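The values are calculated or read from the model by the stated rules, or taken from the named source; none is laboratory data. Computed from a predicted model, the values in this text were never measured in an experiment. Every residue, glycine among them, receives a Cβ derived from its backbone with ideal geometry; neighbour counts consider all protein chains shown. What goes into the accessible areas is simple: the full protein's heavy atoms, side chains included, and nothing from ligands, DNA or RNA. Shrake-Rupley method; radii C 1.70, N 1.55, O 1.52, S 1.80 Å.
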Amino acid sequence: MKKLIALLLSSALVLMMLTGCSSKTTDENTSSETTSEDTNEDAEPVELVVFAAASMTETLTEIGDRYMEENPDVTLVFTFDSSGTLKTQIEEGAECDIFISAAQKQMDQLDINADPEINTDGLDFVLSDTRVDILENKVVLAVPEENPKNINSYDDLAKALGEGSCLMAMGNEDVPVGQYTQKILAYYNLDEAALAGSGCITYGTNVKEVTTQVSEAAVDCGIIYATDAFSAGLKVVDEATPEMCGQVIYPAAVLNISKNQEAAKAFLSYLMNEESSKTFESVGFTALN
């Protein structure tokens, strides 16, 4: 009888030990899963500051909203302006993670690997191996809906400017769209200073200001980007060829002053995926990836 009781007590003890181990393992697994879930839910929030050419306002805002929905731990803060203004702000110490320019010149002026004749101050802001050409735009001639001076091509514009019979809006000389316009004027052997002095040219600090002047019929025509004409619903009568002003390429890069370089690289990569490319192309950009 004593042996039977001892056997039963031994079996009960083993059962209790097994049950305890099983419970502990389950608790540990549950605790591990909970910790993992909590870690995902409590991902460290990141704020990315993106400086981008004014011509990207509508498309980049749309893409940015989509990115933040898919990545709730990331907040995107956009600043849109002329590439020249943005470049100066970066140079003067503005916080910025990603810079997207409407021309190579402004990016080159911040890139230590660029031609020293362009980066004359030896500025070093571009993070190595992150610079990439992401988009191409077109420089177009847009007119108000009524087209009061019947300008239907760049040839018509050149003739009207030569005669002093029209008022054209263009970007300032430190604005990429203004620099492209200067090349077009030079292509037609037109003297910008003389035209401005005679009241045939008005200026805008960025492409949006030029676009607004045309939209409000404050001028007879304006030279802007195809994407801005599309967004504003303007009538485009001609498109500049590469021979007239070169290609309009948009370079982008993560800056080495960024405190969130990996997150910035991830967003820059997102700008080049298929869905983002479709968004850019829907308004007239050409994706270069």
Segment 206-232 residues that are touching a residue at least 24 places away in the same chain (Cβ under 8 Å) and farther than 22 Å from Ile249 by Cβ, paired with ones that are open to solvent by 10 Å² or more (accessible area, probe 1.4 Å) and among the aliphatic types (A, V, I, L, M) (beta carbon under 6 Å, 6 or more apart): Val214/Leu234; Ser215/Ala232; Val219/Leu167; Asp220/Leu167
Qualifying residues in segment 228-237 (those that are open to solvent by 10 Å² or more (accessible area, probe 1.4 Å) and not small (Gly, Ala, Ser)) - the one farthest from Ala52 (Cα to Cα): Val237
Pair list, Cβ < 8 Å and 6+ apart or interchain, from segment 94-122 residues that are under 19 Å from Gln247 (Cβ atoms) and open to solvent by 10 Å² or more (accessible area, probe 1.4 Å) to residues that are assigned to a loop (DSSP other than H, G, I, E, B) and among the aliphatic types (A, V, I, L, M): Lys105/Ile118; Asp108/Ala114; Asp108/Ile118; Gln109/Ile118; Gln109/Leu123; Asp111/Leu123
Qualifying position, being more than 25 Å from the chain's Cα centre (by Cα), at negative phi, among the β-branched types (Val, Ile, Thr) and open to solvent by less than 80 Å² (accessible area, probe 1.4 Å), among Val143, Val126, Val132, Val139: Val143
Residue in segment 175-191 that is most open to solvent (accessible area, probe 1.4 Å), counting only those that are within 31 Å of the chain's Cα centre (by Cα) and more than 18 Å from Ile249 (Cβ to Cβ): Tyr187
Only listed residue being surrounded by 22 or more Cβ atoms within 10 Å (Cβ to Cβ) and closer than 20 Å to Phe80 by Cα, chosen from Tyr225, Tyr270, Tyr203: Tyr225
Considering residues of segment 238-267 that are among the charged types (D, E, K, R) and buried (at least 16 other Cβ atoms within 10 Å of the Cβ) only, the residue nearest to Gln106 (Cα to Cα): Lys265
Which numbered condition Glu163 misses (of (1) free of Cβ contacts under 8 Å to residues at least 24 places away in the same chain; (2) open to solvent by less than 80 Å² (accessible area, probe 1.4 Å)): (2)
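Results for (1) open to solvent by less than 60 Å² (accessible area, probe 1.4 Å); (2) within 30 Å of Gln179 (Cβ to Cβ); (3) modelled with pLDDT of 95 or more, shown as yes or no for each residue.
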residue	(1), (2), (3)
Ala12	yes, no, no
Leu18	no, no, no
Ser32	no, no, no
Asn40	no, no, no
Thr59	yes, yes, yes
Arg66	yes, no, yes
Asn71	yes, no, yes
Phe78	yes, yes, yes
Of all residues making up segment 44-57, the number that are more than 8 Å from Phe78 (Cα to Cα) and either of a type in the set (Lys, Arg) or surrounded by fewer than 22 Cβ atoms within 10 Å (Cβ to Cβ) (or both): 5
